[in-house]
Each structure stands twice: as C-alpha cells, then as structure tokens.
Amino acid sequence: MLTFTPPESDKKSRNLLVCEQFLIGSDHDMAYRLQQDEFSVHFDRNRNQRRDCRLGVSAAKEVQQEEEKAHVAKQFDFYKEKQIIEENDAEYAKCLQNELMKGPVMNTLLENDVHPNLIRQNSNEKLYESINEDHSIITDEQLARLLQEEEFALSKTNYKYTSV
C-alpha cells in the first residue's frame, strides 16, 4: 500500500497557516483586552465625575443656604436698625414739637382765643424768624420740619376750637 506523504512544502504551509491563525486569534484577544481596559477606564472616570458632581451639587446647595441665611440675617438687622432709628427720630420730633408748643408764641396765641387763620399766620412768621435768624438758606429738612410743626400747631388749635 501506498501512503500519501505530503511534501515538505505542504507541511510548511500548514504550519504557516496555523501560526497565522494563532496570531490572528491572539490579536483578537489582545484587541478584546484593550477594549475592556478602555471601557473600564471610561466607566471609572464617568463614575468618579458623577460622584464629584453629586458632591459638588450638595456642597453648592449648602453654601447657597448659608448665604441666604446670612442675607436674611443682614436684612433683619438692617430693618431692626432702621426701626430703631425711626423710633428715635419720632421721639426726637415729638420732643421738638412739645418744646415748640410750650414756647411763648404758641402759649400767648392759644390763651388769647385768636382765630385759627391768624394763629397759623403768626406762628408761621415766628417760626420762619426763629429759623432764619442767622440769614441762612432753609434746607429741605428745615422746611419739612416747619411744615410738620405748622400741621401740628393747626391740629392743636382746631382741636381747641372744636372742643369748646
């Protein structure tokens, strides 16, 4: 019987074919490992970024709440100081009005039962004279104070005439 023996070139070509297949398989394996490594790197990076974002958002919310509390506290202090100043101003204005009403001009006018229009005219002249004794220009504050004092004086005289 004759057996067929492949020539040496066929053995070499088979070996080359097997080696090529092995190299291709190892290339696929290496590509798969590289792809898995790249995927895990991206996955880890995304996970870390999302965790950092969550922590950053919660920290930003806390900072915002603290800033809002500080702002509310500042507003509260501002309004409290404003209220104290208003109360002091009102008390000071009341004292000034009382001093003006106790003055000699208003006492004589109120005691003499003079007509309210005359009282207003006389008190206006006296008030303007008392403020402008040094011939300075009347400021808005002084004018406002004068008008307020006139209104107060008129209300007191009108009360006297309506109650009699």
*Restricting things to alpha carbons, tell me how big segment 47-93 is in terms of Rg and Dmax, in Å.*
20.2, 68
*How much length, in nm to one decimal, is gained on full extension between Phe76 and Lys102, taken as 0.36 nm per residue of separation minus their Cα-Cα distance?*
5.5 nm
*Each residue of segment 74-90 in turn: what ³J(HN,Hα) in whole Hz from Karplus with 6.51, -1.76, 1.60 and θ = phi - 60°, glycine and Pro shown as x?*
5, 4, 4, 4, 4, 5, 5, 5, 4, 5, 5, 5, 4, 5, 5, 5, 5
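Each value in this text was obtained by applying a stated rule to the coordinates, not by laboratory testing. As the structure is a prediction and not an experimental result, all values here were calculated from the model.
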